[in-house]
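Notes follow once the structure below has been shown.
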Amino acid sequence: MPVEKIIESVHPETPESTSQVEKLKGAEQKIEKISSHPAEKLREIIKPITKTYSKSTHSLVANSWQKKRAVAIDNILAEGLNDIFLKMNTKEQKAFKLKGEETVMKINELLSHAKVKVNKIIALIRDWLKLIPGINKFFLEQETKIKADKIIKIKDKF
């Protein structure tokens, strides 16, 4: 499989992908020259190639599970709020959506730590839900608690 297709499948539409393609093309050329070099020079050629490849693969693995967890958090937060969201005007919807995306990123970051700070997660969810116009105080607390519990449960999955 050509190097370009591998990089495009892993990093679609990223500016770093072009530099990685160039690095891997250079690595391919070095590999082609291997047959004419003695064993000592082979080690010098192979070391930089493996270092470049392992760094990019590690970041891809980390990004993939973080993205999956962010999607799961987003789904939990959006659960049951479709009707409420559709009743808002466009300005409120934009503000609610932006604050929701910000909340997802912050919660995802909090879940990355070894010690999960549940109070901070609850505060983030509560602040986000307060943007709903005319929200009942009891509904706010109940939804906050339910969503926080579900988010804490997914921490072990990712």
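When 76, 107, 49, 84 are checked against the criterion of being in a helix (DSSP H, G or I) and at pLDDT below 60, a single residue qualifies: 49. Restricting attention to region 136-158, the residues that are under 16 Å from residue 100 (Cα atoms) and either free of Cβ contacts under 8 Å to residues at least 12 places away in the same chain or of a type in the set (A, V, I, L, M, F, W, C) (or both) add up to 3. The residues of region 87-104 that are over 19 Å from the mean Cα position of the chain (by Cα) and part of a helix (DSSP H, G or I), listed by number, are 87, 90, 91, 92, 93, 94, 95, 96. The residues in region 113-134 that are touching a residue at least 40 places away in the same chain (Cβ under 8 Å) and surrounded by 13 or more Cβ atoms within 10 Å (Cβ to Cβ) can be counted, and the count is 3. When region 116-135 is filtered for residues that are more than 14 Å from residue 87 (Cβ to Cβ) and part of a loop (DSSP other than H, G, I, E, B), the ones remaining, listed by number, are 116, 117, 130. Restricting attention to region 136-158, the residues being in a helix (DSSP H, G or I), surrounded by fewer than 18 Cβ atoms within 10 Å (Cβ to Cβ) and either of a type outside the set (S, T, N, Q) or not assigned by TED's automatic domain parsing to the domain that holds residue 67 (or both) number 12.
The values are calculated or read from the model by the stated rules, or taken from the named source; none is laboratory data. As the structure is a prediction and not an experimental result, all values here were calculated from the model. Cβ coordinates were reconstructed from backbone atoms using ideal geometry, including for glycine residues, and neighbour counts include every protein chain displayed.
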